[in-house]
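Q: Okay, here's the structure, questions in a sec.
The values are calculated or read from the model by the stated rules, or taken from the named source; none is laboratory data. Being a predicted model, the structure only gives us computed values, none of them experimental. Cβ coordinates were reconstructed from backbone atoms using ideal geometry, including for glycine residues, and neighbour counts include every protein chain displayed. These accessible areas exclude ligands, DNA and RNA; they are computed on the full protein's heavy atoms, side chains included. Shrake-Rupley method; radii C 1.70, N 1.55, O 1.52, S 1.80 Å.
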Amino acid sequence: MRKTISQDDLAILGEVERKVLWLATWTIHYANHIRDSTDGLKVGGHQASSASLATIMTALYFRVLRPQDRVAVKPHASPNFHAIQYLLGKQTRERLENFRGFKGAQSYPSRTKDVDDVDFSTGSVGLGAAQTLFSSLVQDYVRAHGWGLHRPEGRMVALLGDAELDEGNIFECLLEGWKQGVRNCWWVVDYNRQSLDAVIREGLWQRYEELFRNFGWDVVILKYGSLLEAAFREPGGEALRQWIDRCPNQLYSALVFQGGAAWRKHLESDIGDQDAVSKLIGSRSDADLARLMTNLAGHDLPTLVEAFERVDHDRPVCFIGYTIKGYGLPFAGHKDNHAGLMTTAQMERFRQTMNVRPGQEWERFEGLHETPERLQRFLDEVPFAAGGPRRLTAPRFATPAELAVAVQPEMSTQTGFGALLNELAREPSELVARIVTTSPDVTVSTNLGSWVNRRSLFAREASADIFKSERIPSTFNWEFSASGQHIELGIAEMNLFILLSALGLSHTINGERLIPIGTLYDPFIARGLDALNYACYQDARFILVATPSGITLAPEGGAHQSIAEPLIGMAQDGIAAFEPAFVDELAGILAFALDYIQKDSDGDLSEQNWLRDETGGSIYLRLSTRPIEQIKRAMTAPLRQAIVDGAYWLREPGPNCQVVVAYAGAVAPEAIQAVGLMAEDRRDVGLLAVTSADRLNAGWTAAMRARERGLVHARSHIERLFAQLPTNCGLVTVVDGHPATLAWLGSVNGHRVRPLGVEHFGQTGTIADLYCYYGIDANAIIAAAQAITPGAPIRHLKAM
Ligand SMILES: Cc1ncc(C[n+]2csc(CCOP(=O)(O)OP(=O)(O)O)c2C)c(N)n1
Ligand SMILES: [Mg+2]
């Protein structure tokens, strides 16, 4: 349905646009020149970038968007967003005054740090746009399963800078979106032809247009505004159009910066003395000529509103909106304007042109022509803001205390994971119905195959497995249906993490909770790391299962063998990392994980529980393909708790303990063997099974901080475990990963420590070859123990 905007509505929208530009510009100026508490780090990139998007954002937020729509805002347009929310009464003056300050409005829109309803956190360019695409897919997933149908379908909208399209993840997600039939997704490109350093290449829009069309998107090029379009219809207008169409980006930018007289000079000398067009140019003052020549569609409200409202389908749309970086400000168009900041004198002039009286800078309606009553009525009726809280909530699903799994005498954690999911897949519970698995082309090799056989693949349109209908035997049944619970992705790991981010925010975006589980090979976490970081930053909730891992993946060799990932697991905020050795441990951790990812983190974090478990988070399980002998034991509640807290004594150290071996993950057999072989030569040896270096470390750090703040009784799990250890015993730690993962254990009580692990790229070989070569086998553990503890030589130590 084509709607046209009335002159009345247009007038008021124009007033609002002025106000958005003013408030965003003033907010940045205030932070730098008035509050002046930015530690010398002046705001770069905000003033010009915000001005570039001010009109587009005004058209969207105050006219086009609906409460069910969700938006990812280009990082440097954050001041516009906060200004818009301020006008709508959702942002405070204090926070604007404190823009970029401690607890003030954030430099880049942040779901977790801002209070004004940011839908998606942005900052790392390219990720916000992809987040909207995957959020559209998640919305479809949710609705295809029959959930949330009482709510209207929303559009997922990204406002992105033209230089963001340089990021590879953009293309990865476009391809995936095409495969999955993405709908209801709008990308609005702020085509100001400037990035941070430079003016961009000529004709990029054509590349974009072809690219988006190839991926099935509708492309709407918004080039000229209504003034220019009207001028083109005047006599001589066609010559003007040809000139501007051919004008190189650099020259156009330079003329924008220089203003009316420069436009006239160039136009006259380029077009020459042609009657009609000379008249067209000559009839305008310098100021009018400048206004005409900079009247690009991205700064023209009627054109924008009309273009947005004309869309009457749910196919994805890319709008390429021509804009001017710094539009309306003195450095408009200047190629160095990214970090440009208006001087106090320039701001003073701008204040006057905006009719803002000194001291009235924060007044919402100051300097506008419409009456405050009329403006307020308009704001009260803005459709986008009419829907109540934008953050939705969803109830938690009850989780079982224990998960069923048949533990074989020998088993790997990866096999255990497959078996656990296979068992879960049989259960008709609500929780299991909400599980959605996904994997970047490693579904079968990460052992999700039997889960997928039972729960099938998701697609909005069903399709049969031809191998099955042709009766060709196959272990896997790849049937697609709208009720399927596995989303099969192409190999791009960035897409995995952005999809997990979108799935993991479904409770708050769609009001429907999902339990996302994503699998990939451990080394390829690095491939999607920034997307993982942003997923965690916006508090998305998911379980990441990374397998295989480490040099234990022996024959695969070299860089396929992950080294740094345990440290990533420790250092990455928002995700708790585990590396179990035994399948019963994994079962306990997975049961914990299903509950943990559903906990909510509203309100201040309490340090009552040193692991901040009350706030929940995501989970990372580092698993292995190495089958190891399982321990026959009954799982007790205290053992389960210790596993979840990060460690337990597999063999308690005696009162005269000389050595403790602390291991994590697949090297358990080596640690167990080494302890057995040392027993005759070292007293009371202890064996510590570490299931989560991350949580052990986090609890320890938090408890120390709490004690320093006066909570003298604060104790962490590792401090309790080490409480009885003699001070002079030695500590050997071993992990198939970087040795720093466990090396810190020596600092807990000041024990001498020898950390074993892998510091250099892997090799092809057998597990035995590699454990020996990198020094994480039983012999290396014994050698380390001998080196750091006094006493007779350990008899079983082979000559190395
Ligand atoms: C992944 C990433 N790399 C680099 C940056 C630093 N950076 C911030 S904005 C920007 C250029 C943005 O250009 P564009 O997207 O065209 O937006 P504009 O400044 O024109 O508004 C760069 C390189 C970033 N934020 N994220
Ligand atoms: Mg740009």
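Q: Just need a number here: residues in segment 206-236 that are within 16 Å of ligand 2 (Cβ to nearest atom), over 26 Å from the mean Cα position of the chain (by Cα) and more than 18 Å from ASN295 (Cβ to Cβ).
A: The total comes to 1.
Q: Then there's this: From the list GLY699, GLY676, GLY654, pick out the single residue that is in a helix (DSSP H, G or I) and surrounded by fewer than 23 Cβ atoms within 10 Å (Cβ to Cβ). Steps first, please.
A: Details: GLY699 fails: surrounded by fewer than 23 Cβ atoms within 10 Å (Cβ to Cβ); GLY654 fails: in a helix (DSSP H, G or I).
Residue meeting the stated conditions: GLY676.
Q: Taking segment 335-346 as the search range and keeping residues that are among the small types (Gly, Ala, Ser) and open to solvent by 50 Å² or more (accessible area, probe 1.4 Å), which one is farthest from ligand 1 (Cβ to nearest atom)? Lay out the reasoning, then the answer.
A: Of all residues in segment 335-346, those among the small types (Gly, Ala, Ser) come to 339-340, 345.
In the following step, the residues that additionally are open to solvent by 50 Å² or more (accessible area, probe 1.4 Å) were identified as 339, 345.
On the way: ALA339: 10, ALA345: 24 Å.
Of everything passing the filter in segment 335-346, ALA345 is farthest from ligand 1 (Cβ to nearest atom).
Q: Taking the conditions exactly as written (without any contact (Cβ under 8 Å) to a residue 60 or more places away in the chain and touching a His at 6+ places or on another chain (Cβ under 7 Å)), does VAL444 satisfy them or not?
A: For VAL444, the condition - without any contact (Cβ under 8 Å) to a residue 60 or more places away in the chain and touching a His at 6+ places or on another chain (Cβ under 7 Å) - is not met.
Q: So, restricting to helices (runs of 4 or more DSSP H) that lie completely within segment 195-277, which ones have at least 2 residues that are in contact with a Lys or Arg (Cβ under 8 Å, 6 or more places away or on another chain)? Before the answer, list the steps.
A: Numbers: elements: 204-214, 226-233, 237-246, 249-258, 260-271.
Helices (runs of 4 or more DSSP H) meeting the threshold: 226-233, 249-258.
Q: Moving on to the next point. If a residue has to be in a loop (DSSP other than H, G, I, E, B) and touching a Lys or Arg at 6+ places or on another chain (Cβ under 9 Å) to count, how many in segment 60-88 make the cut? Working first, answer last.
A: Taking segment 60-88 as the starting set, the residues that turn out to be in a loop (DSSP other than H, G, I, E, B) are 65-69, 74, 88.
In the following step, the residues that additionally are touching a Lys or Arg at 6+ places or on another chain (Cβ under 9 Å) were identified as 65-69.
Residues flagged as in a loop (DSSP other than H, G, I, E, B) and touching a Lys or Arg at 6+ places or on another chain (Cβ under 9 Å) within segment 60-88 amount to 5.
Q: A further question follows. Of all residues in segment 733-753, how many are within 37 Å of the chain's Cα centre (by Cα) and farther than 19 Å from GLY699 by Cβ?
A: Summing the residues that are within 37 Å of the chain's Cα centre (by Cα) and farther than 19 Å from GLY699 by Cβ in segment 733-753 gives 5.
Q: Take the residues in segment 335-350 that are without any contact (Cβ under 8 Å) to a residue 60 or more places away in the chain and not small (Gly, Ala, Ser); name whichever of them is nearest to ligand 2 (Cβ to nearest atom). Outline the logic, then answer.
A: Our first condition is that a residue be without any contact (Cβ under 8 Å) to a residue 60 or more places away in the chain; within segment 335-350, this holds for 336, 343, 345-346, 348-349.
Of the ones still in play, those that are also not small (Gly, Ala, Ser) are 336, 343, 346, 348-349.
Working: ASP336: 14, THR343: 23, GLN346: 22, GLU348: 28, ARG349: 25 Å.
By that ranking, first place goes to ASP336.
Q: Follow-up. Please specify each residue of segment 149-168 satisfying the condition of being closer than 16 Å to SER135 by Cβ, open to solvent by 10 Å² or more (accessible area, probe 1.4 Å) and not basic (Lys, Arg).
A: Filtering segment 149-168 for residues closer than 16 Å to SER135 by Cβ gives 151-160.
The next check asks that each one be open to solvent by 10 Å² or more (accessible area, probe 1.4 Å); those that pass are 151-153, 155.
Within segment 149-168, PRO152, GLU153 meet the criteria.
Q: Just need a number here: residues in segment 350-373 that are assigned to a helix (DSSP H, G or I) and buried (at least 16 other Cβ atoms within 10 Å of the Cβ).
A: Initial filter on segment 350-373 (assigned to a helix (DSSP H, G or I)): 350-353, 372-373.
Still in the running and buried (at least 16 other Cβ atoms within 10 Å of the Cβ): 350-351.
Matching residues across segment 350-373 total 2.
Q: Ok, one more. If you take just the helices (runs of 4 or more DSSP H) that sit entirely in segment 709-800, which of them hold at least 1 residues that are open to solvent by 70 Å² or more (accessible area, probe 1.4 Å) and either touching a His at 6+ places or on another chain (Cβ under 6 Å) or of a type in the set (Asp, Glu) (or both)? Quick ask: steps written out before the conclusion?
A: Working: elements: 717-722, 740-743, 745-749, 767-774, 778-788.
In segment 709-800, 767-774 are the helices (runs of 4 or more DSSP H) which contain 1 or more residues that are open to solvent by 70 Å² or more (accessible area, probe 1.4 Å) and either touching a His at 6+ places or on another chain (Cβ under 6 Å) or of a type in the set (Asp, Glu) (or both).
Q: Further question: Test MET57 against the stated conditions and say whether it is within 20 Å of ALA307 (Cα to Cα), within 16 Å of ligand 2 (Cβ to nearest atom) and either open to solvent by less than 10 Å² (accessible area, probe 1.4 Å) or at pLDDT below 95 (or both). Even if it seems obvious, please write down each step before you answer.
A: Working: within 20 Å of ALA307 (Cα to Cα): yes; within 16 Å of ligand 2 (Cβ to nearest atom): yes; either open to solvent by less than 10 Å² (accessible area, probe 1.4 Å) or at pLDDT below 95 (or both): yes.
Answer is yes for this residue.
Q: Here is a further query. Whether any residue in segment 312-334 is open to solvent by 20 Å² or more (accessible area, probe 1.4 Å), touching a residue at least 12 places away in the same chain (Cβ under 8 Å), not in a loop (DSSP other than H, G, I, E, B) and not polar (S, T, N, Q) is what I want to check.
A: No, the conditions are met nowhere in segment 312-334.
Here's the yes/no breakdown for (1) open to solvent by less than 20 Å² (accessible area, probe 1.4 Å); (2) of a type in the set (Val, Ile, Thr); (3) touching a helix residue (DSSP H, G or I) at 6+ places or on another chain (Cβ under 8 Å):
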site	(1), (2), (3)
VAL219	yes, yes, yes
LEU227	no, no, yes
ALA231	yes, no, yes
PRO235	no, no, yes
GLU238	no, no, yes
ILE244	yes, yes, yes
GLN250	no, no, no
ALA261	no, no, yes
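Q: Given the criteria in a helix (DSSP H, G or I), within 16 Å of ligand 2 (Cβ to nearest atom) and within 22 Å of ASN495 (Cβ to Cβ), does GLU164 qualify? Walk me through how you get there before you give the answer.
A: Details: in a helix (DSSP H, G or I): yes; within 16 Å of ligand 2 (Cβ to nearest atom): yes; within 22 Å of ASN495 (Cβ to Cβ): yes.
Answer is yes for this residue.
Q: Looking only at segment 189-206, filter to residues that are near ligand 1 (Cβ under 8 Å from one of its atoms) and farther than 16 Å from LEU251 by Cβ; which one of those is most open to solvent (accessible area, probe 1.4 Å)?
A: Applying the filter and picking the extreme gives ASP197.
Conditions (1) over 29 Å from LEU88 (Cα atoms); (2) among the aliphatic types (A, V, I, L, M); (3) over 32 Å from the mean Cα position of the chain (by Cα); (4) at pLDDT below 90, marked per residue:
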site	(1), (2), (3), (4)
GLY260	yes, no, yes, no
GLU309	no, no, no, no
HIS338	no, no, no, yes
VAL356	no, yes, yes, no
GLN360	no, no, yes, no
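Q: Can you name the residue in segment 567-586 that is in a helix (DSSP H, G or I) and open to solvent by 10 Å² or more (accessible area, probe 1.4 Å) and, of all such residues, is farthest from VAL735 (Cα to Cα)?
A: Step by step, filter segment 567-586, then rank; the result is ASP584.
Q: For residues in segment 183-204 being touching a strand residue (DSSP E or B) at 6+ places or on another chain (Cβ under 7 Å) and away from ligand 2 (no atom under 12 Å from the Cβ), which is farthest from GLY126 (Cα to Cα)?
A: ASN184
Q: Still on this structure, please answer the following. Does TRP217 satisfy the condition of being of a type outside the set (S, T, N, Q), within 15 Å of ligand 1 (Cβ to nearest atom) and under 30 Å from ARG143 (Cβ atoms)? Before the answer, list the steps.
A: Numbers: of a type outside the set (S, T, N, Q): yes; within 15 Å of ligand 1 (Cβ to nearest atom): no; under 30 Å from ARG143 (Cβ atoms): yes.
Here the answer is no, as TRP217 does not meet what is asked.
Q: Also, I was wondering about something else. Among (1) among the basic types (Lys, Arg); (2) at pLDDT 95 or above; (3) at positive phi, which single condition is ARG622 missing?
A: Exception for ARG622: condition (3).
Q: Ok, one more. Quick check: anything in segment 128-144 open to solvent by 30 Å² or more (accessible area, probe 1.4 Å) and either assigned to a helix (DSSP H, G or I) or away from ligand 2 (no atom under 16 Å from the Cβ) (or both)? Before the answer, list the steps.
A: Here is the first cut: in segment 128-144, the residues open to solvent by 30 Å² or more (accessible area, probe 1.4 Å) are 143-144.
Subset that is either assigned to a helix (DSSP H, G or I) or away from ligand 2 (no atom under 16 Å from the Cβ) (or both): 143-144.
Yes, segment 128-144 has at least one match.
Q: Out of the residues in segment 94-108 that are closer than 24 Å to GLU363 by Cβ and within 16 Å of ligand 1 (Cβ to nearest atom), state the one that is nearest to the chain's Cα centre (by Cα).
A: Here the residue is GLN106.
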